Amino acid sequence: MDIYAYITNWEGVRLKPYCDECGQPIVWRGAAGWTCKCKPSANISPSITIGRGRDLSVVGLYSGEDVMMQRNDVAERLAELPKRYDWFNQMQADGEMMRAYAIVDLSFNCGVGAVGEFHDMIAAIQRKDWRAAAKAMLDSAFARERLDRASADASLLENGEWPSL
Ligand SMILES: [Zn+2]
C-alpha cells in the first residue's frame, strides 16, 4: 500500500468526466446538453475541453494519464497543506508522514480548505493525541457521509499504519 493506491481505493479510476455529486458519468443528451444522473435536465456545461484542445467529455484521459495526474495531485497537496496549516507542517517535521497521509486523503474527500474546519481533530493532532484525533474525525459530517473512508482515515491517523481495506 502507498498513498496512491490508498486514495485510488476511495476515488476509483475513471477516464471520462463524472459528476462529483452522484458519481455517474456526464453524458451528452442532445438538446438537454451534458447531463448526469442527479441533474438529468440540466445542461451542465458546453463540451469540456482541457489542455491543448483535448475534448475531455468525449476523449477523456488515455490510460496512464490518470496515474500521472494523481502523482501531480498528491504532490500538489503535499505542497499546499503545510503552507496552509502549521500543524500539518509540524506532522511532517515530526516524521509523522503516515498520519499526514490520513489528512491528505481527507483533503481529497472534502477539499484542502475544509480540512481546516476539523477543529477538534486539529487540536488533538497538535497535542499528538492520536486516539482523540481519530475519534474527532469519526465525529464529523464526513464520517456520517462516508463511514468506510472516514474509519480508514481515522485508523491511519490513530495508528500511523495503513488500515486493512
Ligand atoms: Zn450528478
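All of the numbers you see were taken from the coordinates with simple rules; none came from a lab. Being a predicted model, the structure only gives us computed values, none of them experimental. Because the Cβ atoms are built from the backbone with ideal geometry, glycine has one as well, and the counts that use them run over all protein chains shown.
What cysteines in the chain have no other cysteine with a beta carbon less than 4.7 Å from their beta carbon?
Lone cysteines by the Cβ rule: 110.
Based on DSSP H assignment, which helices of the chain show an axial Cα extent of at least 15 Å together with a mean Kyte-Doolittle hydropathy greater than or equal to 0.0?
Flagged H segments are 97-110.
Whole-Å semi-axes of the stretch 1-99's equivalent ellipsoid, largest first, each the root of 5 times a Cα gyration tensor eigenvalue? Before the final figure, lay out the partial values.
Values: eigenvalues 226, 44, 35 Å².
Three semi-axes, in Å: 34, 15, 13.
Would you order 4, 85, 62 from fewest to most other beta-carbon atoms within 10 Å of each residue's own beta-carbon? It would help to have the intermediate numbers written out before the result.
On the way: 4 13, 85 17, 62 9.
Lowest to highest Cβ neighbour count: 62, 4, 85.
With Cβ to Cβ distances under 10 Å as the rule, what net charge do the other residues near residue 10 carry (K, R +1; D, E -1)?
It works out to a net charge of -2.
Evaluate E = 1/(1 + (r/R0)^6) for residue 38 and residue 10, where r is the Cβ-Cβ distance and R0 equals 25 Å; express this FRET efficiency to the nearest 0.05.
With a Förster radius of 25 Å, E is 0.80.
Using only the alpha carbons of the stretch 65-159, determine the length spanned along each of the three principal axes and report them from longest to shortest in whole angstroms.
Extents along the principal axes: 38, 30, 23 Å.
Which of 52, 77, 14 moves most in a GNM of the chain, Cα contacts under 10 Å?
With Cα springs under 10 Å in the chain, the top fluctuation among 52, 77, 14 is at 52.
Could you tally up the Lys pairs in the chain with alpha carbons closer than 26 Å? Skip any pair fewer than 8 positions apart unless they're on separate chains.
4
Using only alpha-carbon positions, what ratio does the radius of gyration of the stretch 17-60 give when scaled by 2.2 N^0.38 Å?
Compactness ratio reported: 1.11.
Arrange 103, 3 by Cβ neighbour counts within 10 Å, fewest through most, would you?
With the fewest neighbours first, 103, 3 line up as 3, 103.
Could you calculate the contour length gain from residue 62 to residue 126, that is, 0.36 nm times the residue separation minus the distance between their Cα atoms, to one decimal place in nm?
Details: separation 64, 0.36 × 64 = 23.04 nm, distance 4.20 nm.
Extra length from residue 62 to residue 126 when fully extended: 18.8 nm.
Quick one: what do you get for the chain if you divide its Cα Rg by 2.2 N^0.38 Å?
Normalised by 2.2 N^0.38 Å, the Cα Rg of the chain equals 1.17.
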